[in-house]
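Any read-out appearing in this document is the output of simple, stated calculations on the displayed coordinates, not a laboratory observation. Bear in mind that the values here come from a model prediction, so they are computed numbers and not experimental data. Here the Cβ positions follow ideal geometry from the backbone for every residue, glycine too, while neighbour counts run over all protein chains shown.
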């Protein structure tokens, strides 16, 4: 028990250290009950009625965590653990807070404590699998996820994380199988559709479009999926559809430098409309003045238009942004002949 108590003390100290700078904000957030959302008001009332009920503090910590208020979440989970240090689920919440704060080693320590208290805690095992994926120890990740699936074979997230592990390991067949199982378990698992789309797109398989379409049904304004779809269409010479999607992306997110760049690239490389290409590369550079590839491509467009002076200026500028960038070096060599 002394070891457990020392671990508890260390975790509490680390959490206070990590989020001490947010303490003022935390106090303010916890005390501001009058205008709080209904869910928070309900938790506040429960805690007021039973101030020594540790489970209520854990619930409120999870609420604050979901709202990305890590300061308030850390305060409540420490109260919960202080009131009752025997609950494995409390350390899962603590682990989530650490992980969200970029403290992966402290997150693992919290999960170790949770599994010490309850070796079959499904959520702790699942988080361990996710954590080992994060640190790229894929085999260890899969070990924990298999333990989860022995406890509950119907755990979509476990299959999804395994899919990510297999994908990182280069085993796309098993990755596809895992992502498809994820969808069988949960037909609304957006990220599984996205991953399947990416895998099939890399194979130039039109099934990619079907998976992207399903993802967009779940999130119709997903710029990520629109962009992935547009890239597939561009790479498979469906240029009009690609242009339409990039334009749609820019109506949602005008500062998307990649959509601007790709419109420029299509007009330069495929359509040979160099003046239009320059306009799109200008937009990409406005979004990111240090976008060396866009500066180079604008220079290439100027060169194709016979504007040597502007092409030279852009190649030089691209090299200032990215010293050693070979393409603008070759461009300057061409212009000097």
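Specify the inter-centroid distance of the stretch 38-92 and the stretch 131-148, based on alpha-carbon positions, in whole Å. If you average the Cα positions of each part, the centres end up 28 Å apart.
Overall size of the chain from C-alpha positions, given as principal axis extents largest first: 79, 45, 39 Å. Note on the stretch 257-337: percent of Cα-Cα distances in each 5 Å bin, starting at 0 and stopping at the bin with the largest distance, equals 3, 20, 29, 25, 18, 5, 0. Taking the number of Cβ atoms within 10 Å of each Cβ as an exposure proxy, the fewest-first ranking of 204, 334 is 204, 334.
Computed from Cα atoms, the angle from the helix 122-134 axis to the main principal axis of the chain rounds to 30 degrees. Extension gain for residue 140 to residue 177 (0.36 nm times residue separation, less C-alpha to C-alpha distance): 11.4 nm.
Peptides 261-269, 50-58: what's the order by average Cβ count within 10 Å, highest mean first?
Going from most to least packed, we get 261-269, 50-58.
At the listed q of 0.17, 0.21, 0.22 Å⁻¹, the Debye profile of the stretch 35-78, built from one uniform point per Cα, gives log10 I(q)/I(0) equal to -0.40, -0.60, -0.66.
Fewest first, what order do 69, 171, 96 take by the number of other Cβ atoms within 10 Å?
Going from least to most buried by this count: 171, 69, 96.
Let me know the shape class of the stretch 50-165, please: from the alpha-carbon gyration tensor, a ≥ b ≥ c as square roots of the eigenvalues, rounded when a/c is under 1.5, otherwise prolate if a/b is greater than b/c, or oblate. Note, shape of the stretch 50-165 comes out prolate. Computed over the stretch 178-280, the P(r) curve from all C-alpha pair distances, binned at 10 Å from the origin, holds 16, 43, 28, 10, 2, 0 percent per bin. The fraction of all Cα pairs in the stretch 120-186 landing in successive 10 Å bins from 0 to the largest distance is 27, 56, 17, given as whole percents.
Principal-axis analysis of the Cα atoms of the chain puts helix 274-287 at an angle of about 30° to the longest axis. With both labels modelled 7 Å from their Cα along Cα-to-Cβ, the residue 290 to residue 151 distance reads 4.4 nm. Could you tell me which of rounded, prolate or oblate describes the stretch 95-144, using a ≥ b ≥ c as the square roots of the eigenvalues of the alpha-carbon gyration tensor, with rounded for a/c under 1.5 and, failing that, prolate when a/b is larger than b/c and oblate otherwise? In terms of gyration-tensor shape, oblate.
Equivalent ellipsoid of the stretch 204-253: semi-axes from √(5λ) of the C-alpha gyration tensor, largest first, are 16, 15, 6 Å.
Please give the Cα centre distance for the stretch 288-333 versus the stretch 234-273, rounded to the nearest Å. The stretch 288-333 and the stretch 234-273 have Cα centres spaced 20 Å from each other. Fully extending the segment from residue 276 to residue 169, taken as 0.36 nm per residue of separation minus the present Cα-Cα distance, adds 34.3 nm.
Per-residue Cβ neighbour counts within 10 Å put 178, 104, 110, 312 in the sequence 104, 312, 178, 110, beginning with the fewest.
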